[in-house]
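> For reference, the structure I am asking about is given below.
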Ligand code: ADP
Ligand code: ADP
């Protein structure tokens, strides 16, 4: 479903990713694991269409992502720092993409209510300003904002890194449950081996812009 076909990504004369070949299957929870600065975010942003590779291409369902307009990409993205709109309440944050897409008011209200239920966000929380929420709640809102558009692919860039250890473990389980419930193809970026091993169907181990190994958690665990 997702195919990195021999891509290279450079920033000016710095080569962040010299060569990447990777295939991710439909419905998979796929993790890019590696230390900070090894090119994971760059690989993710290239899939999102934010960065164009300097060579090669990334394909989703056989189509080049750089050739698709953003509304055709059907990709939702969640960031480490949540990136919510601070001047909007929770409901408005979640509804934002639906409004951009010009969904009707009744569809918008229905879809927001549906995802809020699935993400266990209460009516009271929906009316709060995002700044009044804890980090874990904010990240739940960010995930809801991405999922409400029912994307085919969900990209998660270190979504749990800013949370405390207890919450991190709790949200790991919730994220994994959501992913299997929605059957959504998920590409997850982390430097946390434990996170990768507990959540993923398959893991790509990155080092200095290069994938050293791809395989299921048990295989990666044996090698580490
Ligand atoms: P990771 O997500 O694994 O921490 P990144 O993909 O963010 O790594 O970064 C990989 C390398 O590319 C790093 O050396 C980083 O400094 C560099 N890099 C990332 N984005 C840019 C950019 N926009 N301009 C220049 N260099 C960049
Ligand atoms: P506008 O027409 O100005 O774009 P809306 O009528 O969509 O705004 O929403 C106005 C306010 O009402 C928003 O701040 C939002 O929080 C709230 N709101 C609208 N619909 C709902 C709903 N179904 N559930 C909870 N809050 C809602």
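> Quick one: which of 114, 124, 120, 92 is under 25 Å from residue 160 (Cβ atoms) and either modelled with pLDDT under 90 or part of a strand (DSSP E or B) (or both)?
After applying the criteria, what remains is 120.
> Another one. Quick check on residue 78: is it more than 12 Å from ligand 2 (Cβ to nearest atom) and under 18 Å from residue 182 (Cβ atoms)?
When the stated conditions are applied, residue 78 passes them.
> If you don't mind, there's one more thing I want to ask. Only residues in region 68-90 that are on the phi > 0 side of the Ramachandran plot count as the first member; pair them with residues that are in a loop (DSSP other than H, G, I, E, B), Cβ under 9 angstrom, at least 6 apart or cross-chain, and list the lot.
Partner pairs satisfying both residue conditions: 74/68; 74/149; 74/150; 74/151; 74/152; 82/159; 82/162.
> Let me ask you something else. Please go through region 12-41 and pick out each residue that is within 11 Å of ligand 1 (Cβ to nearest atom), surrounded by fewer than 22 Cβ atoms within 10 Å (Cβ to Cβ) and not in a loop (DSSP other than H, G, I, E, B).
14, 15, 16, 41
> Out of all the residues in region 97-113, which are surrounded by fewer than 17 Cβ atoms within 10 Å (Cβ to Cβ), within 25 Å of residue 175 (Cβ to Cβ) and within 11 Å of ligand 2 (Cβ to nearest atom)?
110, 113
> Something else now. Based on this model, can you work out whether residue 97 counts as under 18 Å from the mean Cα position of the chain (by Cα) and either more than 16 Å from ligand 1 (Cβ to nearest atom) or touching a residue at least 40 places away in the same chain (Cβ under 8 Å) (or both)?
yes
> Give the number of residues within region 53-62 that are surrounded by 14 or more Cβ atoms within 10 Å (Cβ to Cβ) and within 15 Å of ligand 1 (Cβ to nearest atom).
The qualifying residues number 2.
> Shifting gears a bit: When you go through 90, 65 one by one, which is the residue that is surrounded by 20 or more Cβ atoms within 10 Å (Cβ to Cβ) and out of contact with any strand residue (DSSP E or B) (no Cβ under 6 Å at 6 or more places or on another chain)?
Exactly one of 90, 65 is surrounded by 20 or more Cβ atoms within 10 Å (Cβ to Cβ) and out of contact with any strand residue (DSSP E or B) (no Cβ under 6 Å at 6 or more places or on another chain), namely 90.
> Could you list, in sequence order, all residues of region 70-86 that are more than 16 Å from ligand 1 (Cβ to nearest atom) and more than 14 Å from residue 126 (Cα to Cα)?
Residues satisfying the conditions are 70, 71, 72, 73, 74, 75, 76, 82.
The values are calculated or read from the model by the stated rules, or taken from the named source; none is laboratory data. Not measured: the values here are computed from a predicted model. Cβ sites come from the backbone with ideal geometry, for glycine too, and all protein chains shown count toward neighbours.
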